[in-house]
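The structure appears below as structure tokens.
A short reminder: the numbers here are calculations on the coordinates, not readings from a lab. Just so we're clear, the structure is a prediction, and the values are computed from it rather than from any experiment. So basically every Cβ, Gly included, is an ideal-geometry build from the backbone, and we count neighbours across all protein chains shown.
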Amino acid sequence: MKIAIIGTGYVGLVTGACFASKGHEVICVDVIEDKIKKINRGQSPIFEEGLDDMLSDLVSRNKLYATLNLEHAILKSDLVFICVGTPSKEEAKYDYTYLEQATKDVGLVLKDSDKYKVVVIKSTCTPGTTNDHLKPILEQTSGRKCGKDFGLGFNPEFLREGVAVYDFLNPDRIVIGGIDKKSISMIEAVFTDFNAPILKVDPTTAEMIKIASNSFLAMKISFINEMANIAEKIDCDIKDVAKGIGMDSRISPKFLGAGLGWGGSCFLKDISALYQLSKEISVPSKLLESTIQVNKLQPLRSIELLERALSDHSVKGKKIAILGLAFKPNTDDMREAVSIPIIHELLHKGAEVHAHDPVAIENAKLIFDSSNFYLHEGPEQTLSGAHGCIIVTEWRIYSKLSPRDFINKMKTPIVIDGRRMFNPKKMRSKGINYYGIGLGK
Ligand code: NAD
């Protein structure tokens, strides 16, 4: 099929590349010229495993190209996927500025097209948005009737950044929310080569599935983090507790890793939007509210542990090493990363913060502008002379650090392992003052 992808961020570019890898003809559109140029050179503007190789292959075989020209892309396509950002704004709602603009732009092109096309929303939005808000925009700008002249659907994306290509090509399920049978069957046609069950629903149900899924995953992590804080006080190890809980097939071991909390662009905005909706329709969800609250406090647990370990119980004037800035490994994305509240709090308390991340350094420069904040090229330089270290992101290179690296480099070898990467017994036996989330004495 011929596909236009509007928005070439994490979701749009991965969607476009994966569809093209299945033999479809894909045209990607963005408003940022630099991204277009990079994609057309076969390079990915974002860091995502496997994407560079995939793009250079697809571009060289003319299976995918990018353009600023939205009209050209839409007129050449059967399906138009809208994948622009829907960041959160105040009052815990999505900001639809980009989504509305892209929808209007698409509608204006549909005005001049007699060929039936299906518009598919992939941007996450509050249940009801596609049907009640975007459909009227499309009809008004195109002067055409949805369901007759063009189709419409919502197809949620569940990929995880860092393994986005793998996730897209190997989904647990594909959810298609269409306004009618014709829209659903055209969207289904693009997924024929995917080995996954397809759930066909209406757009509002599909939108609800997306944000309820993310809310559940966030709740699971907040749950295990609360259990970790209890485990710590009663001297048992949350890792063993989680293992025992996760062996129950009804629960599963996934998303049971206790740590410093969840981050990323999606969880907080999705759960906040769902919580806001629940309040607006007079069924305020206590579970959603608590999940958000628990996660707000969790990153700061690392500072509590650090202060407890320091001889004068204060980070003021101390050099603190932060290993990992991205919200999770294998991505340069720092949106809602837990490193942000941790570093801000350390700076607020008067610490000198030295940080490292293998790929998120450039994004970090845009966030922290304190004269007490330093970025380093490697973990060793970051640890040098530090009074304490907090491991924030579980990048694989950190697991290669030996107890000796911490001891030799740091002024006082206090390690707060926010991701439980290291063996506590080994670290402690080598003389490291080691603390982990959910770890007893
Ligand atoms: P992103 O910010 O990385 O990318 C959005 C892209 O859209 C940018 O390149 C931007 O320049 C472009 N854009 C904005 N307005 C445009 C317009 N009018 N025309 C063409 N391009 C335009 O966003 P993302 O992380 O890819 O997320 C996109 C959507 O998918 C969001 O709603 C998000 O919630 C959802 N989602 C994201 C993930 C994830 O892991 N990132 C996972 C599932 C769903």
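Points to keep in mind about this one:
- Taking Cα atoms only, the orientation of helix 181-190 departs from the longest principal axis of the chain by about 60 degrees.
- Of all the options D149, D357, D112, the one that moves most in a Gaussian network model of the chain with Cα springs shorter than 10 angstrom is D112.
- Antiparallel DSSP beta bridges within the stretch 2-201, percent to nearest 5: 15
- Cβ crowding within 10 Å, taken as a proxy for footprinting-reagent exposure, orders E377, E232, E90 from fewest neighbours to most as E90, E377, E232.
- The loop-placed trypsin sites (Lys or Arg not before Pro) in the stretch 166-226, going by DSSP, that have at most 15 neighbouring Cβ atoms within 10 Å of their Cβ come out as R173.
- Dipole axis of the stretch 326-402 (+1 Lys, Arg; -1 Asp, Glu on Cβ), positive-most option in I391, H376, A355: I391
- Of the GluC sites (Glu not before Pro) found in the stretch 266-328, no site is in coil according to DSSP while having at most 11 other Cβ atoms within 10 Å of its Cβ.
- Net +/- balance of residues flanking R404 in space, Cβ distance below 13 Å, scoring K and R +1, D and E -1: +2
- Think of each Lys and Arg Cβ as +1 and each Asp and Glu Cβ as -1; about the Cα centre, that makes the dipole of the chain roughly 920 debye.
- Rounded to the nearest 10 degrees, the inclination of helix 97-111 to the longest alpha-carbon principal axis of the chain is 20 degrees.
- Value of [θ]222 nm, deg cm²/dmol, for the chain, DSSP H segments ≥ 4, -39500 (n - 2.57) each, nearest 500: -13000 deg cm²/dmol
- Farthest toward positive dipole pole in the stretch 2-201 [+1 Lys/Arg, -1 Asp/Glu at C-beta], among P127, G50, I32: P127
- Rounded to 5, percent antiparallel among DSSP beta bridges of the chain: 10
- Binning the C-alpha pair distances of the stretch 298-436 at 5 Å intervals from 0 yields a P(r) profile of 2, 11, 24, 27, 21, 12, 3, 0 %, listed from the shortest bin outward.
- Rounded Å value of the spacing that divides the Cα centres of the stretch 180-248 and the stretch 338-383: 31
- When the Gaussian network model of the chain links Cα atoms closer than 10 Å, the mean-square fluctuations of R396, R250, R419 top out at R250.
- Computed about its Cα centre, the charge dipole of the stretch 298-436 is approximately 720 debye, with only Lys, Arg, Asp and Glu carrying charge at their Cβ.
- Fewest-first sequence of K286, K426, K135 by Cβ atoms within 10 Å of each Cβ: K286, K426, K135
- At 1.306 mPa s and 10 °C, Stokes D of the chain from Kirkwood alpha-carbon radius, µm² per second: 68
- Among N330, N195, N155: highest mean-square fluctuation, GNM of the chain, C-alpha pairs under 10 Å: N195
- In this Cβ point-charge picture (+1 for Lys and Arg, -1 for Asp and Glu), the stretch 2-201 has a dipole of about 640 debye about its Cα centre.
- Candidate aspartates and glutamates - alpha carbon under 14 Å from K409, same-chain residues fewer than 8 apart omitted: E380
- Scoring 53-60, 319-326 by mean Cβ neighbours within 10 Å over their residues and listing the highest first yields 319-326, 53-60.
- Å³ per residue enclosed by the Cα convex hull of the stretch 2-201: 112
- Label-to-label distance, D53 versus D248, with points set 7 angstrom from Cα along the beta-carbon direction: 4.1 nm.
- Distance distribution note for the stretch 57-163: the fraction of Cα pairs above 23 angstrom is 32%.
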